[in-house]
1. Of everything in the range 274-312, what is within 14 Å of Y115 (Cα to Cα) and open to solvent by 20 Å² or more (accessible area, probe 1.4 Å)? Give them in sequence order.
2. Looking at the range 97-118, can you tell me whether even one residue there is closer than 22 Å to N39 by Cα, in contact with a Pro (Cβ under 8 Å, 6 or more places away or on another chain) and part of a loop (DSSP other than H, G, I, E, B)?
3. Cβ-Cβ below 7 Å, separation at least six or inter-chain, first residue in the range 183-194 and farther than 11 Å from S241 by Cα and β-branched (V, I, T), second modelled with pLDDT of 95 or more and in a loop (DSSP other than H, G, I, E, B): which pairs?
4. What number goes with the only condition from (1) over 29 Å from A219 (Cβ atoms); (2) open to solvent by less than 50 Å² (accessible area, probe 1.4 Å); (3) not polar (S, T, N, Q) that V161 does not pass?
5. Take the residues in the range 292-329 that are at pLDDT 95 or above and among the polar types (S, T, N, Q), then tell me which one is farthest from L255 (Cα to Cα).
6. Could you tell me whether the range 21-31 includes any residue that is out of contact with any His (no Cβ under 7 Å at 6 or more places or on another chain), closer than 21 Å to S277 by Cα and open to solvent by 20 Å² or more (accessible area, probe 1.4 Å)?
7. In this structure, is G121 small (G, A, S), buried (at least 16 other Cβ atoms within 10 Å of the Cβ) and not in a helix (DSSP H, G or I)?
8. Give me the strands (runs of 3 or more DSSP E) completely within the range 196-256, filtered to those with at least 3 residues that are closer than 14 Å to T185 by Cβ, ordered by residue number.
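The values are calculated or read from the model by the stated rules, or taken from the named source; none is laboratory data. These figures come from a predicted structure and were not determined experimentally. So basically every Cβ, Gly included, is an ideal-geometry build from the backbone, and we count neighbours across all protein chains shown. Ligands, DNA and RNA are stripped out before the accessible areas are found, and what is left, the full protein with its side chains, is counted by its heavy atoms. Shrake-Rupley method; radii C 1.70, N 1.55, O 1.52, S 1.80 Å.
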Amino acid sequence: MDANAHSTGHTEGAAGTGDAAGTEVVVIGGGYAGVMAANRLTAREGVHVTLVNPRPSFVHRIRLHQLVGGSDDAVVDYRDVLADGVRLVVDTVTRIDAAGRAVNLAAGGTIGYDYLVYAVGSGSADPSVPGAAEFAYPIASLEEARRLKPVLGAAAQAAPVTVVGAGPTGIETAAELAEQGRRVTLVCGGVLGPYLHDRGRRAVARRMAALDVTVLEGADARVTAVTRDAVELRDGRTLPSEVTIWTAGFGVPDLAAYSGLTTDALGRLLTDETLTSVDDVRIVAAGDSAAPSGLPPRMSCQAAMPLGARAADTVLSRIAGERPETLNTVFAGQCISLGRQRGIFQFAHKNDVALWFHVAGRPGAKLKEFVCAGVVKHLADEAREPGSYRLHRVSGGGVRRTRLRQAGIVGGPGAPAEAPATGSAA
């Protein structure tokens, strides 16, 4: 391994040796899914886990809007959430050599593996709107949020700020900035909070009105162009905008496709219902970059950690020579902060369709904060006691099977033949 790919406070050891002393597992991506998988894999003696991540700190992504607003730095020390037995390599994987069972690193060198967990996550989608890439500021990554923060700091308090996209990130960012007295317009390009039940949507709209956020809904409220100081809409309106923040859409890295692995149309690694790649039984996927049976769950932290646990369980089952269990995706709803003082928890059916019931106001803010803190606690608990996480085993009541049947899929695409239950590279 290249000397520039270094470990940060976790157990060192040769990776990819493929000898009888143990099984080498490489996890690509140190987000919610990757950290959960890495921690869980340490439950089995003889499994050596290497986590490759481009940053030396864990990004608490659901707090990035707080970083922009100045109320949180949105990072956690890996020593607080990563098991001591996991080796952290700060580098970027540029290619997966499935045939050779190795990953190539940007800094040079390779790391070999017996099993690979693909958890590269998601980021901002490349906007197709003219001028958006040049003049708008996405905030899907730590680097993007850090780039935006000083721009806002340099703008006058009364300067017009436009937030494009009315999903959770857009709503949270608009509320965070408006609560600080910023002059904010939220351009929905459709309805406010598409996931929300009508009752929950009305509660969010009331909060936006209380914060003096101008909310533009409907098909005509779609951005057609972005300039240095304005946003143009489909209906011909031009909105003055000194700072334009882009939260519309997510994309995934092209690593899987570039490495010759089968993906869905968005670029997520295509797997069966055990999260095993349809190309290679030694590769499993988790989080936003996984497309089980071509029917991926909603991109979210809520899905990422259970998927990470399921991916780890699949690898551990294959090492033990057992048949892996299939995916069981259950959702509780969606929580959105509406500034530091208010929030909403939108409850949902297990199939991720919003219910009429929600908790808003100060209780909603407390629930949101409880969730944000709870995410880190889940990861830290799994680091201390691998195998303790259980939420991915909560019964889905056949929701996933129903969705597969409706799509004409029975059991999902089949995985390749079973891999040998050994750490050998043979």
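1. D279, D280
2. no
3. Pairs found: V191/E217.
4. Evaluating V161 over (1) over 29 Å from A219 (Cβ atoms); (2) open to solvent by less than 50 Å² (accessible area, probe 1.4 Å); (3) not polar (S, T, N, Q) leaves (1) as the failure.
5. S317
6. Yes - at least one qualifying residue is present in the range 21-31.
7. Numbers: small (G, A, S): yes; buried (at least 16 other Cβ atoms within 10 Å of the Cβ): yes; not in a helix (DSSP H, G or I): yes.
It is true that G121 is small (G, A, S), buried (at least 16 other Cβ atoms within 10 Å of the Cβ) and not in a helix (DSSP H, G or I).
8. On the way: elements: 214-216, 223-226, 230-233, 238-240, 243-246.
So the answer is 214-216, 230-233, 238-240, 243-246.
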